[in-house]
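Working notes for the structure below.
What follows draws every value from the coordinates through simple rules; no lab data is involved. None of these values were measured; they are calculated from a predicted model. Note that we place each Cβ from the backbone using ideal geometry, even for glycine, and neighbour counts take in every protein chain shown.
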Amino acid sequence: MLKKRIIPAIDVAGNKAVKYVQFRNPAVIGDPAELGKRYAEQGADELLYLDTTASLYGQDVKYEWIRGVAEQLYIPVSVVGGIRTMEDMKLALRAGADKVGWNTAAVDEPTLLEEAANLFGRQCVVLALDAKTIKNGSGETVEWEVYTHSAHRSAGLDAIEWARRAERLGAGEIVCTSIDRDRMRNGYDLDLMKALAEAVNIPIVASGGAGSLSDIGDVFEYGGADAALVASLLHYGELGVADIKRYLQDRNISVRLGEPAH
């Protein structure tokens, strides 16, 4: 059985690490490389950096901060946001990213996923899927709708069907953020993660909503996720990566253990 992964998520605006609530109202929390190094030393399995402003405002990717991160880290790094072309992906990988995420550009031109997988290998290709819950008149969830442009614009796509198509095209992993749960600290959307895990055969990375240790354990045990993004709990010093892994081990959830790096 593959071990479950804990992936700190770090939002980047310009060259600064920031903290958002539901993709809005950023507050600076530090330097991307220094923050990443701290989590790597705590035992993080990977890191994910999300440049939300690049996607929302059509800005170019700032490759300098990616290089700065790569120079200090020895664990896999994913970069999501602002990737629009094969050249963007090539430059991100050359700057030191191990995986590159596609969201808005892939929705606009799905064959980009296929081209990226053919050129660089599907192990490098991440689908960043931002999904919003759609309910019926009785308040029951009927589907999840795909949003783009840093969760500001509906794409009019069903999230589960889009995930299936993205896998066929060449996505090697899906990072799914529940917009409704993002930074709300009320737990991951377990129904959404479970539906995705049952629909595709590639890893699902759950994002949006971790507010406690039990939330993280639940998304593995009941949501079927392969990895969990964690942000606020780590950024505000409430927990460390080692605390999370010890808790998961106590719940008999398989994780990679070992002494944190120094």
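What's the longest uninterrupted piece of the chain once you rule out the chymotrypsin sites (Phe, Trp or Tyr not before Pro) that are loop residues per DSSP with at most 10 other Cβ within 10 Å?
Result, exposed sites excluded: 75-235.
Which of the three applies to segment 186-262, rounded, prolate or oblate, going by the alpha-carbon gyration tensor with a ≥ b ≥ c and a/c under 1.5 meaning rounded?
Note, shape of segment 186-262 comes out prolate.
Using only the Cα atoms of the chain, construct the convex hull and provide its projected area averaged over every direction, in square nanometres to one decimal.
For the chain, the mean projected area of the Cα convex hull comes to 12.8 nm².
What fraction of the DSSP beta bridges in segment 5-250 is antiparallel, stated in percent and rounded to the nearest 5?
Bridges in segment 5-250 that DSSP calls antiparallel: roughly 35 percent.
What is the magnitude of the charge dipole of the chain about its Cα centre, with +1 placed on the Cβ of each Lys and Arg, -1 on the Cβ of each Asp and Glu, and no other charges, expressed in debye to the nearest 20?
It comes to approximately 340 debye.
Do any of 16/245; 4/194; 62/99; 132/245; 19/90; 3/245 go past 18 Å between their Cα atoms, and which?
Listed pairs above 18 Å: 16/245; 132/245; 19/90.
Loop sites only, by DSSP: take the GluC sites (Glu not before Pro) in the chain that have at most 13 other C-beta atoms within 10 Å and name the longest stretch containing none of them.
With GluC sites (Glu not before Pro) excluded where exposed in loops, the chain gives 1-139 as its longest stretch.
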